[in-house]
1. Could you give every pair whose Cβ atoms fall below 9 Å, whose first residue belongs to the range 109-121 and is assigned to a helix (DSSP H, G or I), and whose second residue is polar (S, T, N, Q) and modelled with pLDDT of 95 or more, counting only separations of at least 6 or pairs across chains?
2. So Glu530 fits all but one of (1) at pLDDT below 95; (2) part of a loop (DSSP other than H, G, I, E, B); (3) not basic (Lys, Arg); what number is the exception?
3. Considering every residue within the range 176-196, establish whether at least one is free of Cβ contacts under 8 Å to residues at least 60 places away in the same chain and out of contact with any strand residue (DSSP E or B) (no Cβ under 6 Å at 6 or more places or on another chain).
4. If you take the residues in the range 480-507 that are part of a strand (DSSP E or B) and of a type in the set (Val, Ile, Thr), which one is farthest from the chain's Cα centre (by Cα)?
5. Can you give me the number of residues within the range 37-96 that are among the polar types (S, T, N, Q) and out of contact with any Pro (no Cβ under 7 Å at 6 or more places or on another chain)?
6. Restrict the check to the range 76-91 and report whether at least one residue is among the basic types (Lys, Arg), buried (at least 19 other Cβ atoms within 10 Å of the Cβ) and within 22 Å of Lys519 (Cβ to Cβ).
7. Among the residues of the range 508-527, are any among the basic types (Lys, Arg), more than 29 Å from the chain's Cα centre (by Cα) and outside any strand (DSSP E or B)?
8. Restricting the search to the range 504-521, which residues are closer than 24 Å to Gly147 by Cα and polar (S, T, N, Q)?
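The values are calculated or read from the model by the stated rules, or taken from the named source; none is laboratory data. On a predicted model such as this, the values are computed, not experimentally measured, just so you know. Cβ placement follows ideal geometry from the backbone for every residue including glycine, while neighbour counts extend to all protein chains displayed.
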Amino acid sequence: MKFLQLILFFSLASLAQERYPKDYFAPPLEIPIQLSGNFGELRPNHFHAGFDYKTNQKEGLNVYAAADGYVSRIKIATNGYGKAVYITHPNGFTTVYGHLQKGVGSIQDKIISLQYQEHSYDVEAYLKPGELPIKKGELIAISGNTGGSDGPHLHFEIRDSKTEKIINPLLFGIQLKDTKKPIVSNLYVYPIDTTSVVNGYKLPIALNLSLQQDGTYMAEKVSGKGRIGFGINSYDQDDVSYNNNGDYSVQLYSNGSPAFGYKFDEMVFDEARYVNAFIDYERYKKTHQRVQKLFMKRPFNWSNAIVDANDGIISITPNFTRIIKLEVSDFNQNKVFITIPVDYTPNPPIRKEVVKTTNYFVKAKVDANFEKNNVSVFFPAGTFYDDFYLNFDVKDNVLHLHEDIVPAHSNFKISFDKVNASAEELKKMFIATVNEKKLGYLTTKVEGTTLSCRTKTLGQFTIAKDTIAPKISIAKKIEGKWITGQKNIQLTISDDLSGIKSYNGYLNDKWVLFEYEPKTRKITHEFVDEYLNEGENKLKVVVMDNVGNSTIFETQFYRSKK
């Protein structure tokens, strides 16, 4: 069955070139294309879903519609894509523009209208085809750095409007000069089972690579026994972007037959978190090195992976001699080839891997519940990708729940029962992560004397109490001053423990929009004559943290509308 899937995969790959029009979409920026992130690139907890266009390390560049269509969705948030605009096109695709500074023209008017309707900076709306029609090349927005962005850039996607699959923009004929081969910086071999041995070891080891005269690479010989798998640390570069991006495709062959492969033509949003199963998660957490495992110890449903009947795992048995070949390619078919000789040896291991066992064993496919000292943890079946021994303990009201070296695919529940506190105190309490004595807020539910939360990350947890209200400050005082020439008011808001939940500004007793940028902790109101009085104006800002502590900032200033 899996071989039939493999044939189908490559058949669809050839058909894909015909499905996507090559000259339909225009570049969204008027500067030469440079990428700070490409399609399918490995990111924390997800595969990157589009292109990150460089914007010369600054905000304020014009962003243009890639084709005719209509604005079908607007989403404004302090995280994720920040300010994002979605344009649906008549050819069945939708383009996405993220991390914007602001919209332009009717799009910006719509954003502001939505925010005032909902009295919120964060808004989301789905629009009908006739509401905001757009022409190809029309100025729609200004590039920025909003949301979960580490620096100014434009995030750009192309999606199938019906299925919402994300499509690699390169399939649409976007030109990006690339004559460079991918780089495989490390090759690893993994013993899969407790009986597996590779080159005298029962733990993953790096293999040396030697450049051959024909430009290919030869790996050092693997001698061992049992089931093994391979992993690579690799990246790709193009001729103009000057940074490391992700690979387009990888294929592992065993004696000429495909064993494990993937290709980034399309992606499914709901599968993004499988990146944690795909990489060696423990190594990543300890070394920040993302090694791609070219096998599945326990199969997971990642659509981009095509595997053989053995899920990419090679079984070394007596009289076994095999040539493993690895092909890593970018979209322009620049390729690197690695040959890995493998044979059998009955020799025992030189060094054994120490398997740390505990009294708590988690089976990935089975529900698990652990309790101690009025603290309980419930893992639903499917929370984890693999079985493992869990470190579980409760000391001094701190839950020690393993460490973040085992990836969770979905939420699990933590509960602290019989908390010794009054009803009023419980309102100010929450479950917090503990990272070197620094506490992090987790959304917490209070039921009687029980506090519970859901999370996807292992580590340390405790109960924290926050009774301190947020802080509000203004850099340039305006109390009692005339500020007719000033375009906006900017305040700094912060909370030292549970974090900011909401903020609201009122000008002359009317709600007004303040835009929030968590990276700088600034909220900014751009003056609008409609909400200003001639002469004296009163400003009130209310900020609340996640457990209900609030602070009110009030001031009055003078302004002329003439």
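1. Sorted first by the residue in the range 109-121, then by its partner, the pairs are Leu114/Ser120.
2. (2)
3. Looking through the range 176-196, none of the residues is free of Cβ contacts under 8 Å to residues at least 60 places away in the same chain and out of contact with any strand residue (DSSP E or B) (no Cβ under 6 Å at 6 or more places or on another chain).
4. By that ranking, first place goes to Ile489.
5. Adding up the residues that qualify gives 9.
6. Yes, the conditions are met somewhere in the range 76-91.
7. The answer is no, given that none of the residues of the range 508-527 is among the basic types (Lys, Arg), more than 29 Å from the chain's Cα centre (by Cα) and outside any strand (DSSP E or B).
8. Asn504, Thr520 - these are the residues of the range 504-521 that are closer than 24 Å to Gly147 by Cα and polar (S, T, N, Q).
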